[in-house]
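Visitor: One structure coming up, written as structure tokens, with questions to follow.
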Amino acid sequence: MIHIRFISATDTYAIRQQILRPTQSIEECRYEGDLDDSSFHIGVFEGEVLISIGSFYQEEQPGLNGYLPYRLRGMATLTDYRGNGIGKQLIEYSEEILKDKGCEMWWCNARISAGAYYEKLGLIQLGDVFEIEPIGPHVIMYKQI
């Protein structure tokens, strides 16, 4: 059975490393702002197994407007669970939390390979492709809620 709930920043590190940063150490999977009071982390579980994660940070992005903007970082789903709507459920759950906080817009630095996925979730690209070393090409994407 799938269930979604708040998790700690520490709970995200193993999946961040495995899926998003396999060439980096676990220490490099700790993000600035992980422990801020305004930040929150969401986990999707199958039974007791954590299978998908997403972290949200109260952060503005130049060129985007909206009250109480949040940034999504470190969204990842274990390979064996992709294609089943798990990520979509995580985003929908998180958007309800963001709405309850009064957030009007959230954004992310999306890997080029994930751009079409985020478009399906209703996000819009802002600006051109840019490089994040050593991860690769990204675009800014956002959604008004």
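We did not get these values from a lab; they are worked out from the coordinates using the rules stated. All values reported here derive from a predicted model rather than from experimental measurement. Cβ sites come from the backbone with ideal geometry, for glycine too, and all protein chains shown count toward neighbours.
Visitor: Under a point-charge model restricted to the Cβ atoms of Lys and Arg (+1) and Asp and Glu (-1), what is the dipole moment magnitude of the chain relative to its Cα centre, in debye to the nearest 20? Write down the numbers at each step before the final one.
Guide: Working: 13 positive and 21 negative charges, 76 e Å.
Roughly 360 debye, rounded to the nearest 20.
Visitor: Roughly speaking, what is the centre-to-centre gap between segment 26-94 and segment 99-118 when only Cα atoms are used, to the nearest Å?
Guide: Taking the Cα centre of each part, segment 26-94 and segment 99-118 sit 10 Å apart.
Visitor: Next question. Counting Lys and Arg as +1 and Asp and Glu as -1, what is the net charge of the other residues whose Cβ lies under 15 Å from the Cβ of Ile51? Could the numbers behind the result be given before it?
Guide: Values: positive: Arg5, Arg16, Arg82, Lys88; negative: Asp11, Glu46, Glu48, Asp80.
Charge balance in the 15 Å sphere: 0.
Visitor: Have a look at the DSSP beta bridges in the chain and tell me what percent are antiparallel, nearest 5. Walk me through the intermediate numbers first.
Guide: Values: 32 of 35 bridges.
Here the share of antiparallel DSSP bridges comes out near 90 percent.
Visitor: Could you pull out every one of the lysines with an alpha carbon less than 17 Å from that of Lys99, ignoring same-chain neighbours closer than 8 positions?
Guide: Filter leaves Lys88, Lys143.
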